[in-house]
Amino acid sequence: MNPVDFLSLFRVKPDHRVRVSGFDPSWRGKHKSKQDLEDVIQKNLERLEDAQSLLWASGQYALLIVLQAMDTAGKDGLIKHVISGVNPQGCQVSAFKQPTSEELEHDFLWRYSTKLPGRGRIGIFNRSYYEEVLVVRVHPELLEKQHRPYLKPSAELWKQRYQDINHFESRLARNGTAIVKLFLNISKDEQKKRLQERLDNPDKHWKFSAADLTERAHWDEYMEAYADALSATSTEEAPWYVIPADHKWVSRWIASEILVKTIQDLKLKPPELSKEQKAALAKARRELIAN
């Protein structure tokens, strides 16, 4: 299977209605265990490091990685294992919690726009503006905190927000930000196992939150919200990928493939030196040899 075919398995086609249930969260290809992919993942991390170095050196593009998932799907682990090899000076991670009073005074995209990566950098959004059409849709009472009398939960409101997001991402793409959106697709059964492990293992008690069970009770509503958001906002400029997440090593493998290919598709080249810079290098080389 060539890389293009491989990625097409998980990419949501633009203007294509999808169902989350149409993607297998336990998919692992022909691989039976983590050991099958250790060398592949390590090679991808090395390729990602090289690609990031070129992204940094060229200074032409930024890369924005948007991560969305249900609780326990492995967002933090993906960031730790896949991005661990890149230069931290060229990478930033932004995790978004409940909006502050200042953030609520602005439109729903404002606080995210302040954390966008500059050219040459990789930015990772651990949750993102998509919370506004996911969590807020499942819990419409959150709209009251946004102090806008015209914000009423309705199909029209979510449609407007999808449009706002698409316009926002289109503007970013036109101005040199490559966008990759990853939905880590965990099954309800696997989530139950991971939550149970957090309850059973004292070393993982700190990870458990009663809110996890509260949100789990809305599983079907979240799957419907995700299906609508993925269908409405996967574009050529900012595609969504539905990543199988029941096996963490599989999600890390697929994510690393996608990120490497995304940067490589930018066809970046090292910055070309001016005549003055070349002359300065030649002079430095002569001085170094002489001394």
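The values are calculated or read from the model by the stated rules, or taken from the named source; none is laboratory data. Keep in mind that this is a model prediction, so the values were computed, not measured. Counting neighbours? That spans all protein chains shown, and the Cβs are built from the backbone with ideal geometry, glycine included.
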Residues (in a loop (DSSP other than H, G, I, E, B) and touching a Lys or Arg at 6+ places or on another chain (Cβ under 7 Å)) located in region 235-260: A238, P239, H247
Hey, D36 of a type in the set (D, E), farther than 27 Å from F208 by Cβ and assigned to a helix (DSSP H, G or I) or not: yes
Candidate set: region 2-32, residues that are at pLDDT below 85 and assigned to a loop (DSSP other than H, G, I, E, B); chosen: the one surrounded by the fewest Cβ atoms within 10 Å (Cβ to Cβ): N2
Residue count for region 98-116, restricted to those that are within 26 Å of E49 (Cα to Cα), over 13 Å from the mean Cα position of the chain (by Cα) and part of a loop (DSSP other than H, G, I, E, B): 2
Residue match in region 261-282 (condition: assigned to a helix (DSSP H, G or I), among the basic types (K, R) and under 17 Å from the mean Cα position of the chain (by Cα)): yes
Region 98-120 residues that are at positive phi and at pLDDT below 95, paired with ones that are buried (at least 16 other Cβ atoms within 10 Å of the Cβ) and not in a helix (DSSP H, G or I) (beta carbon under 8 Å, 6 or more apart): G120/Y61; G120/A62
In region 67-76, the residues that are over 11 Å from A245 (Cα atoms) and touching a helix residue (DSSP H, G or I) at 6+ places or on another chain (Cβ under 7 Å): L67, Q68, D71
Which numbered condition Q52 misses (of (1) surrounded by fewer than 18 Cβ atoms within 10 Å (Cβ to Cβ); (2) under 17 Å from K261 (Cβ atoms)): (1)
Where a residue in region 187-208 is farther than 24 Å from V20 by Cβ and without any contact (Cβ under 8 Å) to a residue 12 or more places away in the chain and its partner, wherever it lies, is among the hydrophobic types (A, V, I, L, M, F, W, C) and outside any helix (DSSP H, G or I), with Cβ under 8 Å and at least six apart: L199/F208
Any hit, region 164-176, residues being on the phi > 0 side of the Ramachandran plot and either buried (at least 18 other Cβ atoms within 10 Å of the Cβ) or out of contact with any strand residue (DSSP E or B) (no Cβ under 7 Å at 6 or more places or on another chain) (or both): no
Failed item in (1) closer than 29 Å to Q42 by Cα; (2) surrounded by fewer than 18 Cβ atoms within 10 Å (Cβ to Cβ); (3) among the charged types (D, E, K, R), with R121 passing the rest: (2)
